[in-house]
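A.B. asks: Before anything else, here's the structure in question.
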Amino acid sequence: MATQTPTPSDQRSLQTIRIYATVVLSSHGDFHLAKPRITTAEKLKEPFDLVLLSCKSYDLDSAMASFAAAVGPQTTILPILNGMGHLDRLGDRFGAEKCLGGLCQISAALDEEGRVRHLNDLHSLVFGELDDAETARMEAIASALANAGFDSQSSPVIRQEMWEKWIFSAALAGITCLMRAAVGDIVAAGAADLALGLFEENAAIAGANGFEPRTASVERSKTILTARGSPIKASMLRDIEANKPTECEHILGDLLRCGEATGSERSLLRIAYRHTKAYEAKRAREAGAQEA
């Protein structure tokens with residue numbers, strides 16, 4: 001893991017990482033690495049074979065700056081951010097040929113002690129060449145991840161996979177943030193139709209951009225979005241509840257703009273996006289008032 005030169009707050013974060021970041025509590029088995037290897041940006045001397053990038057989208061610029069010294073002629077970058085906009089930014093900075101597509105399927109959060117809690121049964125990583133080619137580096141990554149303790153697989157249609165996750169993530173984030181509630185509570189309130197309506201808008205945008213979601217993906221997404229009693233909520237809502245910045249622009253805003261470009265229906269998506277932007281505006285105003 002590469003970070004920027006630590007600030008005082010970063011130093012506290014690094015101390016937390018040294019104690020807790022490699023404590024994972026999961027139904028698949030707990031994990032604890034007593035002495036995690038932490039590399040900061042100023043200590044990077046040689047290029048890496050693979051950079052696995054898993055930051056929040058709003059930290060992408062600082063993350064790229066922090067690991068830039070680790071990117072050499074043979075380095076591959078595997079980002080597992082939500083959405084698609086990061087691919088262009090990574091390509092502009094390091095070259096499109098260095099970047100793979102990727103996504104993860106997991107629900108996890110830090111608890112009050114800084115440990116990682118795995119909240120569901122999913123723990124998969126999917127990756128692939130953006131031009132759908134089968135390459136030696138794909139085989140090397142697949143081999144390295146084969147016994148990593150989670151499900152991993154390469155995909156010959158990674159852009160399709162990423163779009164399918166994006167439209168689901170935008171539906172889950174949009175509806176749970178808009179309602180300030182978990183899926184089960186939204187269903188109990190009689191608003192499952194709004195969740196499905198938002199998903200259908202997102203699916204139409206994907207189709208208009210050449211990535212019609214496949215039947216199995218649609219059925220899986222709708223099942224999750226309408227599950228009675230489900231405690232699932234988007235990480236974006238957890239960020240709002242903790243008064244943190246959100247990935248609103250990368251997940252909701254970028255998708256909304258894709259819809260505007262194709263003329264797709266997007267009324268619910270627009271409401272969800274503007275609702276979250278209102279939270280961001282309120283957060284910025286209150287932060288400014290405190291500084292004054």
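Each value in this text was obtained by applying a stated rule to the coordinates, not by laboratory testing. Just so it is clear, the structure is predicted and the values come from calculations on it, not from any experiment. Virtual Cβ from ideal backbone geometry, glycine too; neighbours counted across all protein chains shown.
A.B. asks: Each label point is 7 Å from the Cα along the Cα-to-Cβ direction; what then is the distance between the points at E265 and D59, in nm?
C.D. replies: Distance between the two pseudo-spin positions: 3.8 nm.
A.B. asks: Taking the chain as a Gaussian network, Cα atoms linked when under 10 Å apart, which of G102, G197, G29 shows the biggest mean-square fluctuation?
C.D. replies: The residue that fluctuates most here is G29.
A.B. asks: To continue, here is another question. How much net charge surrounds H28 when only the other residues with a Cβ under 12 Å from the Cβ of H28 are counted, with Lys and Arg +1 and Asp and Glu -1?
C.D. replies: Cβ neighbours under 12 Å give a net charge of -3.
A.B. asks: Would you mind computing, in nm to one decimal, how far apart the modelled labels at S143 and D92 are, each placed 7 Å from Cα along Cα→Cβ?
C.D. replies: Reported label-point gap for S143 and D92 is 3.6 nm.
A.B. asks: Now for a different question. Give the residues of segment 56-80 whose amide nitrogen is closer than 16 Å to a point set 7 Å from the Cα of A133 in the direction of its Cβ.
C.D. replies: 74-77
A.B. asks: Under a crude label model (7 Å from the Cα following the beta-carbon direction), how far is R220 from T75 in nanometres?
C.D. replies: 3.2 nm
A.B. asks: Given a cut-off of 20 Å, what percent of all Cα-Cα pairs of segment 38-186 lie beyond it?
C.D. replies: Distances greater than 20 Å cover 55 percent of the Cα pairs.
A.B. asks: Sticking with this structure for a sec: Can you give the log10 of the normalised intensity I(q)/I(0) at q = 0.14, 0.18, 0.21 Å⁻¹, computed with Debye over equal Cα scatterers of segment 161-291?
C.D. replies: These q points yield log10 I(q)/I(0) values of -0.58, -0.92, -1.19.
A.B. asks: Pull out the extension gain between D151 and Q105, defined as 0.36 nm times the separation in residues minus the alpha carbon to alpha carbon distance; nm, one decimal.
C.D. replies: 15.6 nm
A.B. asks: Which FRET efficiency value, to the nearest 0.05, do you get for A281 and H32 by plugging their Cβ-Cβ distance into 1/(1 + (r/R0)^6) with R0 = 41 Å?
C.D. replies: So the FRET efficiency works out to roughly 0.50.
A.B. asks: First select every other residue whose beta carbon is under 10 angstrom from the beta carbon of V183; then total the charges, Lys and Arg +1, Asp and Glu -1.
C.D. replies: Overall, the nearby charge balance is +1.
A.B. asks: Tell me what the chain gives for mean residue ellipticity at 222 nm when only DSSP H runs of n ≥ 4 count, each as -39,500 (n - 2.57), the sum divided by the residue total, rounded to 500 deg cm²/dmol.
C.D. replies: -14500 deg cm²/dmol
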